[in-house]
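Heads up: the structure comes next, in structure tokens.
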Amino acid sequence: MRRIPGGRTAVLSLMLAASLAGAPALASDLEVGGVRVPDSLTEGGRPLVLNGAGVRTKFVVKVYVAALYATAKSGDAAALVNSAEPRRMRLQLLRDVDSKSLDGALQEGLRDNTPAQELAALKAPADRLSALMAEIGSAREGDVVDLDFDARGVSVTDNGKLRGRIDDPAFARALLRVWLGDNPAQTSLKKALLGG
């Protein structure tokens with residue numbers, strides 16, 4: 001049998017290429033609460049990276065998987081809240097939830113993390129959030145609600161359908177504090193969202 005120069009290297013290269021072609025792509029997506037959480041997204045043409053993700057529970061019931069995306073990872077809650085860069089809070093429902101309950105939880109989080117005087121000044125945008133949540137109606141298990149934050153405010157999307165915007169930067173910061181404030185919806189979830 002005649003040897004081909006470099007034959008072993010060529011055969012090994014071909015075998016490696018063939019095995020890689022059939023192998024699934026190496027993904028660094030996370031699985032949280034049985035939900036696949038992408039390690040990156042794009043918002044308005046800007047790439048966002050997963051900052052952290054965790055499960056929101058209430059009375060031991062798993063309600064949703066929350067995933068926070070930002071232009072750069074940060075463990076600093078205040079920096080994320082006050083950033084003018086795009087950020088996304090993605091909520092993927094783990095059970096059926098009516099929009100009134102979801103809105104009630106968000107409004108409670110606003111009250112818990114916003115001084116009374118500031119909260120009074122944010123009544124109109126808080127009412128607008130309630131109206132946008134009402135448009136969603138009943139959220140079903142597997143549904144996705146995206147809250148996209150930017151320098152101008154926040155937009156609300158469910159299952160890829162834009163429900164509307166609230167152009168009020170102070171309200172956007174207050175809403176993000178529901179998860180990242182001093183009295184977050186769930187301390188362990190805040191830690192997870194900050195990559196802890």
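What to note about this one:
- From the options R90, R111, R152, residue that is at negative phi and in a strand (DSSP E or B): R90
- Residue within segment 24-35 that is modelled with pLDDT under 90, in a helix (DSSP H, G or I), open to solvent by 30 Å² or more (accessible area, probe 1.4 Å) and more than 20 Å from G153 (Cβ to Cβ) present: no
- Residue within segment 124-139 that is on the phi > 0 side of the Ramachandran plot, touching a residue at least 12 places away in the same chain (Cβ under 8 Å) and under 21 Å from the mean Cα position of the chain (by Cα) present: yes
- Residue satisfying all of: in segment 171-196; small (G, A, S) and open to solvent by 30 Å² or more (accessible area, probe 1.4 Å); nearest to Q92 (Cα to Cα) among these: A185
Conditions (1) open to solvent by 60 Å² or more (accessible area, probe 1.4 Å); (2) at positive phi; (3) under 13 Å from the mean Cα position of the chain (by Cα), marked per residue:
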site: A53; (1), (2), (3): no, no, yes
site: D76; (1), (2), (3): yes, no, no
site: D98; (1), (2), (3): yes, no, no
site: L102; (1), (2), (3): no, no, no
site: L106; (1), (2), (3): no, no, no
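- Residue ID - farthest from G153 (Cα to Cα), chosen from residues in segment 112-126 that are among the charged types (D, E, K, R) and open to solvent by less than 80 Å² (accessible area, probe 1.4 Å): D112
- For R90, the test of being under 15 Å from A66 (Cβ atoms), crowded, with 21+ Cβ neighbours inside 10 Å, among the basic types (K, R) and out of contact with any helix residue (DSSP H, G or I) (no Cβ under 9 Å at 6 or more places or on another chain) is passed.
- A139 satisfies every condition listed in (1) within 24 Å of A78 (Cβ to Cβ); (2) open to solvent by less than 40 Å² (accessible area, probe 1.4 Å) except (1).
The values are calculated or read from the model by the stated rules, or taken from the named source; none is laboratory data. The structure displayed is predicted, hence computed values, not measured ones. With ideal geometry, Cβ positions are generated from the backbone for all residues, glycine too; neighbour counts draw on all protein chains shown. The protein model used for the area step is the full one, side chains on, heavy atoms only, and it has no ligands, DNA or RNA in it. Shrake-Rupley method; radii C 1.70, N 1.55, O 1.52, S 1.80 Å.
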